[in-house]
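Structure, as structure tokens:
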Amino acid sequence: MRYKKFIQTHILLFLTSLKKKKKSLLMILLDMVVSCQSILPNSSDIHRTCKPTSADQITNNKIPVIDMLDPQAKFLITKACQELGFFKVVNHGVPIETMTKLESDAVKFFNLPECEKDKVGPANPFGYGNKRIGSNGDVGWVEYLLFAINSGLVSEKSTNIPANSQFFWSAINEYVTAVRNLACVVLEKIADGLTIEPKNVLSKLLRDEKSDSCFRLNHYPPCTELEALSSGGRNFIGFGEHTDPQIISIIRSNNTTGLQISLRDGAWISVPPDQHFFFIIVGDSLQVMTNGRFRSVKHRVLANNIKSRLSMIYFGGPPLSENIAPLSSLMDEGEESLYKEFTWHEYKKSAYRTRLGADRLGLFEKKNIPYGQI
Ligand SMILES: C=C1C[C@]23C[C@@]1(O)CC[C@H]2[C@@]12CC[C@H](O)[C@@](C)(C(=O)O1)[C@H]2[C@@H]3C(=O)O
Ligand SMILES: O=C(O)CCC(=O)C(=O)O
Ligand SMILES: [Fe+2]
């Protein structure tokens, strides 16, 4: 509200300094701005269920943009993973048709009547889910399809979508193959930027036949103020704040806003959507493998009250038996692991018992062991 007043006052001040003709044009513009604002959510609504923020703004300049063809990319990626745990990639090599084909299949699926979609649900954790996220009571203004990935391909058995369905299988597998490859190239650049050997120390975990990765299509229908109010504001959150447990996540969305990331000072910033590019998220496992040098970034999605948001996320995880521990080639002399020893299976089991916003990694930090028990 304060900002609206501030902007209106300044536009009016500017108007008074103009000649008559230009003035009437600008008056029309001002009118449009004001009427748009009446259908846009107030920041107080948005934060009804979220921590108030010191900076909630659409911002491009805080989000590193990495050109994958830039010879400096390895250093820039490493810096972004340390500072923010989040960045955008351009010149990624994934054909736009691979993204739009899957997007149009997903739109067709989410447009089906609820009873049809329910046939491939409820998500447990795989399959179709609506509003319920995970199995510990989290809800959001979102419907989704969650798929397991086996041997690099989406497992048809992980949902009840028939193998001969008109939707998905070819589009999904083409997409997942392309983004897994992108994830591996990013992880190889990370190894290079951190000057650790071998270069495939991280990417081989995703390329492994037994890699425990998954893939998610999220659809956030528009959430009108009325709907938000009638549900006590609760569902105005599309997907509540959380970190991703895996190594790395690759997000692609349509051009609708909603994704926000949390900065180190706790402020939330909105990520301007960009349907042509990908956003990369550092997961909890990569934070552990870099012994805390990289940051697993907290993020969330706010529902938009005008447009649908459709996102596709690849979560790259290691084989279940893999030890998640700091990479020995990265550790300085005498440096100790900040974390207890665990396998991906143990971490995942524990993570899936927690609520979305829980500090999952906290349970595995050595500092949480009572004094004298280390
Ligand atoms: C509330 C939950 C949903 C989630 C499993 C969990 O218990 C905690 C982690 C959540 C998360 C976040 C990232 C991915 O979207 C996801 C598939 C994952 O691996 O961990 C989800 C889980 C889910 O939706 O089942
Ligand atoms: O839908 C999005 O843009 C992000 C969702 C997300 O963070 C997740 O599914 O883990
Ligand atoms: Fe996430």
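What follows draws every value from the coordinates through simple rules; no lab data is involved. Please read these numbers as outputs of a predicted model, since none were measured by experiment. Backbone-built Cβ (ideal geometry, glycine too); neighbour counts: all protein chains shown.
With contacts defined as alpha carbon pairs under 8 Å and 6 or more residues apart, what's the relative contact order of the stretch 47-351 in percent? The partial results should precede the final answer.
Details: 641 pairs, mean separation 66.3, N = 305.
It rounds to 22 percent for the stretch 47-351.
Taking 51 Å as R0, compute the FRET efficiency from the Cβ-Cβ separation of LYS367 and ILE306 and round it to 0.05. Walk me through the intermediate numbers first.
Numbers: r = 45 Å, r/R0 = 0.87.
Approximately 0.70, to the nearest 0.05.
Checking the cross-link filter: which aspartates and glutamates have an alpha carbon closer than 15 Å to that of LYS189, excluding same-chain neighbours under 8 positions apart?
Output for LYS189: ASP67, ASP70, GLU197.
Out of PRO326, MET99, PHE294, whose Cα points farthest toward the positive end of the dipole of the stretch 47-351 (charges: +1 Lys, Arg; -1 Asp, Glu; placed on Cβ)?
MET99
Express in nm, to one decimal, how much length is gained between THR195 and PHE75 on full extension, taking 0.36 nm for each residue of separation and deducting their alpha carbon distance. Mind dumping the intermediate values first?
Numbers: separation 120, 0.36 × 120 = 43.20 nm, distance 0.99 nm.
Contour length minus the Cα-Cα distance gives 42.2 nm.
Calculate the FRET efficiency for GLU333 and ARG264 from the Cβ-Cβ distance with a Förster distance of 22 Å, rounded to the nearest 0.05.
Working: r = 28 Å, r/R0 = 1.25.
So the FRET efficiency works out to roughly 0.20.
Can you figure out the FRET efficiency of ILE96 with LYS62, using R₀ = 35 Å and their beta-carbon distance, to the nearest 0.05?
Numbers: r = 26 Å, r/R0 = 0.74.
About 0.85, to the nearest 0.05.
Expressed in nm to one decimal, what extension gain is obtained for the pair GLU346 and ALA358 from 0.36 nm per residue of sequence separation less their Cα-Cα distance?
Result for the pair: 2.7 nm of gain on full extension.
What does DSSP give for the stretch 47-351 in terms of the percent of beta bridges that are antiparallel, rounded to the nearest 5?
The antiparallel fraction comes to roughly 90 percent.
On a full-extension model of 0.36 nm per residue, what is the gain between LEU320 and VAL139, subtracting their alpha-carbon distance, rounded to one decimal in nm? Show your work: numbers first, answer last.
Working: separation 181, 0.36 × 181 = 65.16 nm, distance 2.74 nm.
In short, 62.4 nm is gained.
Kindly provide the pair-distance distribution of the stretch 47-351 built from C-alpha pairs, with 10 Å bins from 0 and whole-percent values in order of increasing distance.
P(r) over the stretch 47-351, rounded to whole percents: 6, 28, 37, 23, 6, 1.
Across the stretch 228-374, what fraction of all alpha-carbon pairs, as a whole percent, falls in each successive 10 Å bin from zero upward?
So the P(r) values, bin by bin, are 10, 35, 32, 17, 5, 1.
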